[in-house]
Each structure stands twice: as structure tokens, then as C-alpha cells.
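The values are calculated or read from the model by the stated rules, or taken from the named source; none is laboratory data. Since the structure is predicted, the reported quantities are computational estimates derived from the model, not experimental observations. Don't worry about glycine lacking a Cβ; one is built from the backbone with ideal geometry, like all the others, and counts go over all protein chains shown.
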Amino acid sequence: MILELNGLHAGLRFSSAHIVFGHETCGVIHGHSYYVDVRICGEPSGEFGFVCDFKVIKSIVKEICETLDHKLMIPKNHPQTEYKIDNDSIYLKYCGDGKIKEYKIPLEDVVLLPLKSTTAEELSQFFSKCIVDKLKDMGLIDNIKWVEAVVNEGIGQGACYRLNIK
Ligand SMILES: [Zn+2]
């Protein structure tokens, strides 16, 4: 059985900025109105025969969206970007393709993510992992086979990552 949540209709959205360092057009600070679709495959179980309570999944995904909303998403592990936090600011330095770009941004404007990049591809992995971790913490994973998150950069384009549990 597969549960499906449509992020656009279920309100699983966030509006954030990012930089795809080194990319010809996406290497500048720009933003998207993201929405996240989620599919969960598992066996119906418990008193109500749920794969997982929709309310639970929505609250998990909404919480992740809230941490990213109205922030500049910065990847901690980009191979050509260094960052340094000093007081209330973050200093970023990108060196690649013979180009150096430096940024100073108020810390409250950013969210640092444990990723190599903030592409839809990486963000979909991030969402899948966060959802699975949370379901594990809540003891709601035993009947689940896989969790898929689709991170859409606006309508019409997105990346999907499936995390297999067993
Ligand atoms: Zn973009």
C-alpha cells in the first residue's frame, strides 16, 4: 500500500533561496517556491489500519519546511566552498573555475545543511532521511518499506529520492 501526499495541496511548501555554486545561470543567489510530495510504502497496521497517519507525516514534513522557509540554504559540504561563522555573520568563499566569490550574510538569514549542494536532488535525499529518522524516533517505522520525497522547484520540475527501509 502506498500513501501519497501532494505538497502543493497539503501545504508542504517553503520559499527559500539557494546558490548552485559554479553553475552558469544558477550560480547566483536566487529563490524558488518549493513544495514537497511524499510517498510512503508499507503495510496497513494498528487500530485504524494506517500505513502511517497522514496527520503525523504532514506535521513531520511541515516542521522540516519551516526550518528552511525564508532562508538562504547553504550546504556545509560543498567541495569548493569554505564557510566561517563570526559573531552574527557567516562568511562564504567559493573558489572554482578560476573564479572567486565571497559573501558575508547575517546568520539569521541562513540555514546550514549537511549537504554537498542545495539542488533539488540533494534536498530530496535530505527530506527522505529526515522523515525516516523522525518515524524511527516515533517508533512508527516497523511496517514501512520505503519513503520517497519529491522536492519540486516550483511547478513542473523536481527530484525524487526513495529511501528503502528493508
Ligand atoms: Zn535554483
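What to note about this one:
- Taking (1) more than 14 Å from THR118 (Cβ to Cβ); (2) more than 16 Å from the ligand (Cβ to nearest atom); (3) surrounded by 12 or more Cβ atoms within 10 Å (Cβ to Cβ) in turn, HIS9 satisfies each apart from (3).
- Test set (1) away from the ligand (no atom under 11 Å from the Cβ); (2) outside any strand (DSSP E or B); (3) modelled with pLDDT of 95 or more - VAL28 fails condition number: (1)
- Some residue of segment 71-80 being over 12 Å from the mean Cα position of the chain (by Cα) and of a type in the set (S, T, N, Q): yes
- Consider segment 31-46 and keep the residues that are of a type in the set (Gly, Ala, Ser) and within 15 Å of the ligand (Cβ to nearest atom). The one that is nearest to ILE2 (Cα to Cα) is SER33.
- Of the strands (runs of 3 or more DSSP E) lying entirely inside segment 46-149, those containing at least 1 residues that are among the basic types (Lys, Arg) and at pLDDT below 95 are 99-106.
- Candidates in segment 152-166 are the residues that are within 16 Å of the ligand (Cβ to nearest atom) and assigned to a strand (DSSP E or B); of these, the one that is surrounded by the most Cβ atoms within 10 Å (Cβ to Cβ) is ASN152.
- The one condition in (1) crowded, with 20+ Cβ neighbours inside 10 Å; (2) closer than 30 Å to ASP88 by Cβ that ASP133 fails to fulfil: (1)
- Residue list for segment 122-143, filter: closer than 16 Å to MET73 by Cβ and of a type outside the set (Ser, Thr, Tyr): GLU122, LEU123, GLN125, PHE126, PHE127, LYS129, CYS130
- Just one of the numbered conditions (1) crowded, with 17+ Cβ neighbours inside 10 Å; (2) touching a Leu at 6+ places or on another chain (Cβ under 6 Å); (3) not acidic (Asp, Glu) is not true of LEU123: (2).
- Yes/no for LEU115 being within 16 Å of the ligand (Cβ to nearest atom), in contact (Cβ under 8 Å) with a residue 24 or more places away in the chain and over 25 Å from PHE54 (Cα atoms): yes
- Considering only residues in segment 31-45 that are over 16 Å from GLN157 (Cα atoms) and either under 14 Å from the mean Cα position of the chain (by Cα) or not in a loop (DSSP other than H, G, I, E, B) (or both), the one that is modelled with the lowest pLDDT turns out to be SER45.
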